[in-house]
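Below: the structure, in structure tokens.
The values are calculated or read from the model by the stated rules, or taken from the named source; none is laboratory data. Computed from a predicted structure; not experimentally measured. Neighbour counts are summed over all protein chains in view; Cβ atoms, including those assigned to glycine, are modelled from backbone coordinates with ideal geometry.
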Amino acid sequence: MGGSGWQRETDVVVIGAGLAGYCAALAAADAGTRVLLLEKQPAVGGSSVLSGGFFAFAGTDLQQAAGVEDSGARLLEDLKRAGGGQNDERLLKVYIDRQQEAYAWLKKIGMAFKPLQLSSAQSVPRTHPVDPEALISRLRELAAQAGCVDTLLNSPAERLLQDEPRGRVVGVLARIEGRPEKVRARRGVVLAAGGFSRNEQMLREFVPHQARGIRYGGAGNTGDGIRMAWALGAGFRDMAFIKGTFGFHPDAATKEGRNWTKLAVYRGAIAVNKLGRRFVDESKSYKLLGDAVLQQPDAIAYQIFDQSVMDKAADGVPPFDFQSALRRGLLWQAGTLDELARRLGIDPAQLSATINRYNGFVDNGSDEDFGRDGLSTHYGKLTRIERAPFYAYPSSSGLIATYCGLTVDAGTRVLDVFGEPIEGLFAAGELMGGFHGVAYMTGSSLGKCVVFGRIAGQNAARAV
Ligand SMILES: Cc1cc2nc3c(=O)[nH]c(=O)nc-3n(C[C@H](O)[C@H](O)[C@H](O)COP(=O)(O)OP(=O)(O)OC[C@H]3O[C@@H](n4cnc5c(N)ncnc54)[C@H](O)[C@@H]3O)c2cc1C
């Protein structure tokens, strides 16, 4: 579709007002350009505001204060291990080089980090949690203060416009206040429209094996950004690796709300299926655990733990806030293991046998069944499950994010199927492909939104 007869003009159009979109918009504004931020939903925030607020950074003052030794090199190794070596190393290098700057920027804009956490695929505690609602509201405030960022809600971008067939992207066709408008972008367009965990058709096309996973994520995350660039010949990466998140409560499939994921396994819980049997090394990435639970009867497991794990809960840090799950009635408590088993509909003798066998592995320092050797990724000491009361968290696999999509270069320019840049088009956030590879390390998606969102904004502002 060609570009002429513009109804509106700006320097940079950013599509999607989640974390990546805001970071791009603010960076473009800082570079002195005028920005139009288009958001399809009636509210901003996308999946970012629903998230756990976990950021993966390495070598920070928070880690130093907690006595955690970490480095860019170690972070790189963990990302590659989680990604099964399938990651685009150029993108990983950018993250390693820029992650400390992203952390500093978040602090500069006033974000308060909660205590450091150990999380999935991290070989040392590296999760720096923030309150995601506070983050999005601060970004909204900064965009309003910038004076050169116009944010339009209920305004989906529908197509990218090129100056000639296979030419430069010079604007977008958007539906603004219900009317189609051609918006000219004098410098560039940034796609930050998130993933497609809410697009059943795309999920069926790319990951039919995830059919039993619960769908979740921002209501607007229907893959529009990916499809608009696809129409222009953009390449894809990592599409087949989409995975759900283990620890997602099955009620999330039918009820509203947030904070459905609990990860007691990384504090010492085991996971058993409906037959009362373990089925996996629980210290693995929760994306791999997500795949494993889909193979179990009814795609359901229970995270089983005792009071000693409950004592390691972290109030206000969603995946580890077990008390709030108990208050919401999501986490079940019982005075004995037999009582817990009956509540779950599991044979009490089988559950006891499973736990006795596991406790034996803890004592001997060797898990003969699944090779578990730590709380998460070889880190942390396992503990026996023995101190009443006992707890069970029903857990399935939640397809909360897709973490795959458009091929980009290190400067976030979208590349076509032949590896050639599509001029004028940039992409950042969840719809970027290549960064994660096979599976994601906790905190690396929000971290990636800041790192690459800022680069996309800066580069779009410079593009001519
Ligand atoms: C429950 C949950 C917990 C998570 N926890 C973590 C975590 O702790 N750490 C981590 O790293 N990752 C986490 N993730 C993943 C992470 O939140 C997302 O990958 C990330 O927030 C995506 O940010 P984004 O800016 O790319 O997209 P989003 O924040 O989803 O924003 C995209 C925006 O684009 C809008 N949009 C879509 N189409 C259009 C269109 N055509 N026109 C205009 N606007 C459009 C959407 O409505 C949306 O507002 C979690 C995700 C979920 C759902």
Among the residues of the range 165-176, which ones are within 14 Å of the ligand (Cβ to nearest atom) and of a type in the set (D, E, K, R)? 175
Please verify whether the range 398-418 includes one or more residues that are over 30 Å from residue 460 (Cα atoms) and under 27 Å from the mean Cα position of the chain (by Cα). yes
Could you say which residue among 58, 73 is more than 17 Å from the chain's Cα centre (by Cα), aliphatic (A, V, I, L, M) and within 16 Å of the ligand (Cβ to nearest atom)? 58
Give, as residue ranges, the strands (runs of 3 or more DSSP E) completely inside the range 227-324 that count at least 3 residues that are out of contact with any Asp or Glu (no Cβ under 7 Å at 6 or more places or on another chain) and modelled with pLDDT of 95 or more. 245-248, 301-306
Kindly indicate the residue of the range 193-223 that is closer than 15 Å to residue 396 by Cα and not small (Gly, Ala, Ser) and also surrounded by the fewest Cβ atoms within 10 Å (Cβ to Cβ) among those meeting that condition. 209
State yes or no: is residue 429 closer than 22 Å to residue 81 by Cα, within 15 Å of the chain's Cα centre (by Cα) and either in contact (Cβ under 8 Å) with a residue 60 or more places away in the chain or surrounded by 18 or more Cβ atoms within 10 Å (Cβ to Cβ) (or both)? yes
Among the numbered conditions (1) away from the ligand (no atom under 16 Å from the Cβ); (2) over 16 Å from residue 385 (Cβ atoms); (3) buried (at least 17 other Cβ atoms within 10 Å of the Cβ), tell me where residue 309 comes up short. (2)
Listing of strands (runs of 3 or more DSSP E) fully contained in the range 358-429 that carry 1 or more residues being of a type in the set (Phe, Trp, Tyr): 390-399, 421-427
Among 435, 426, which is more than 27 Å from residue 186 (Cβ to Cβ) and either in contact with a helix residue (DSSP H, G or I) (Cβ under 9 Å, 6 or more places away or on another chain) or acidic (Asp, Glu) (or both)? 435
Keeping to the range 220-240, report how many residues are within 14 Å of the ligand (Cβ to nearest atom) and within 22 Å of residue 284 (Cβ to Cβ). 1
So residue 153, is it away from the ligand (no atom under 14 Å from the Cβ) and within 22 Å of residue 46 (Cα to Cα): no
Exception for residue 46 within (1) touching a Cys at 6+ places or on another chain (Cβ under 6 Å); (2) within 16 Å of the ligand (Cβ to nearest atom); (3) not hydrophobic (A, V, I, L, M, F, W, C) falls at (1)
Being out of contact with any helix residue (DSSP H, G or I) (no Cβ under 9 Å at 6 or more places or on another chain) and either of a type in the set (Phe, Trp, Tyr) or closer than 13 Å to residue 37 by Cβ (or both) is the filter here; which residues of the range 104-149 pass it? 144
Within the range 190-200, take every residue that is within 11 Å of the ligand (Cβ to nearest atom) and not in a loop (DSSP other than H, G, I, E, B) and give me the one that is farthest from residue 430 (Cα to Cα). 190
Of the residues in the range 143-164, those that are crowded, with 16+ Cβ neighbours inside 10 Å, within 25 Å of the chain's Cα centre (by Cα) and not in a strand (DSSP E or B) come to 143, 155, 156
